[in-house]
Structures are given as C-alpha cells and as structure tokens.
1. Within the range 52-62, is there a residue that is in a loop (DSSP other than H, G, I, E, B) and of a type in the set (D, E, K, R)?
2. I'd like to verify a number: residues in the range 18-38 that are exposed (fewer than 11 other Cβ atoms within 10 Å of the Cβ) and either within 15 Å of G76 (Cβ to Cβ) or of a type outside the set (S, T, N, Q) (or both), how many?
3. Across the range 32-57, what is the total count of residues that are over 20 Å from G20 (Cβ atoms) and among the aliphatic types (A, V, I, L, M)?
4. Just checking, how many residues over the range 22-43 are within 16 Å of F2 (Cα to Cα) and either at pLDDT 95 or above or touching a Lys or Arg at 6+ places or on another chain (Cβ under 9 Å) (or both)?
5. Determine, yes or no, whether I4 is in a helix (DSSP H, G or I), of a type in the set (A, V, I, L, M, F, W, C) and without any contact (Cβ under 8 Å) to a residue 40 or more places away in the chain.
6. With the requirement that a residue be in a loop (DSSP other than H, G, I, E, B) and either in contact (Cβ under 8 Å) with a residue 12 or more places away in the chain or of a type in the set (V, I, T) (or both), what does the range 8-49 give you?
Amino acid sequence: EFAIIFRDIEDMEIAKKLTGKIHTMLQETISMGTIECAVNSSIGIAVYPDTGKDGETLVRNADSAMYEVKRNGKGGIGFFKDTPYIQSP
C-alpha cells in the first residue's frame, strides 16, 4: 500500500481524471525478460475537508474506500463518502 496526496485540487473531476490515469498506468503488464507481471490496483480516495479534516482521518477514510473496492471484486477506484461510493474504471 502507498499514498498519493494531491494538493490544491478543487474540482473533483480533475481528481477523478488523475486517479484514473494512475489506475490505468498501474494496470499495464510489466515485462522482465521472459517474465510478464500483471498488476492490479484498488484505489481509495478521501477528500479534504469533505471526508476528513486531519491526516489520520483522511488516510483511514481512503483506506476504508479502498477495502470497499476490494470487497466488490478489486481493480477499481472508490471515493469515500459517509457511505463509500465505488466507481469502476
């Protein structure tokens, strides 16, 4: 697991677009000689201040959204709301 923090993004459509690009890049098969490695990603997003006013809460809520994605079959993007919302790529 890792975190990516976007600063100064006020438009959720921009956040969705950036996250979608990251998700697409992570889906690409990686070739290492004769070995090919397919990677899958489940991404959870929490937005300041709507879904958390401090770092700990934002990370916890993003984590919750990510696990909701995983429960629904993995390989998607989830935006945390009071009830996590799942958006498939």
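The values are calculated or read from the model by the stated rules, or taken from the named source; none is laboratory data. Everything numeric here is computed off the predicted structure, so don't read it as measured data. Please note: Cβ atoms are built from the backbone with ideal geometry, for glycine as well, and neighbour counts cover all protein chains shown.
1. Within the range 52-62, the first condition is being in a loop (DSSP other than H, G, I, E, B), and the residues that meet it are 52-54.
Filter once more, keeping what is of a type in the set (D, E, K, R): 53-54.
Checked against the condition, which is being in a loop (DSSP other than H, G, I, E, B) and of a type in the set (D, E, K, R), the range 52-62 yields at least one hit.
2. Going residue by residue through the range 18-38, those that are exposed (fewer than 11 other Cβ atoms within 10 Å of the Cβ) are 21, 25, 28-38.
Remaining after also requiring either within 15 Å of G76 (Cβ to Cβ) or of a type outside the set (S, T, N, Q) (or both): 21, 25, 28, 30, 32-33, 35-38.
So the count comes out to 10.
3. 2
4. Going through the range 22-43 one residue at a time, the tally reaches 3.
5. On the way: in a helix (DSSP H, G or I): no; of a type in the set (A, V, I, L, M, F, W, C): yes; without any contact (Cβ under 8 Å) to a residue 40 or more places away in the chain: yes.
No, not satisfied.
6. Here is the first cut: in the range 8-49, the ones in a loop (DSSP other than H, G, I, E, B) are 8-11, 28-29, 33-34, 38-42, 46-49.
The answer is I9, T29, T34, V39, N40, S41, S42, A46, V47.
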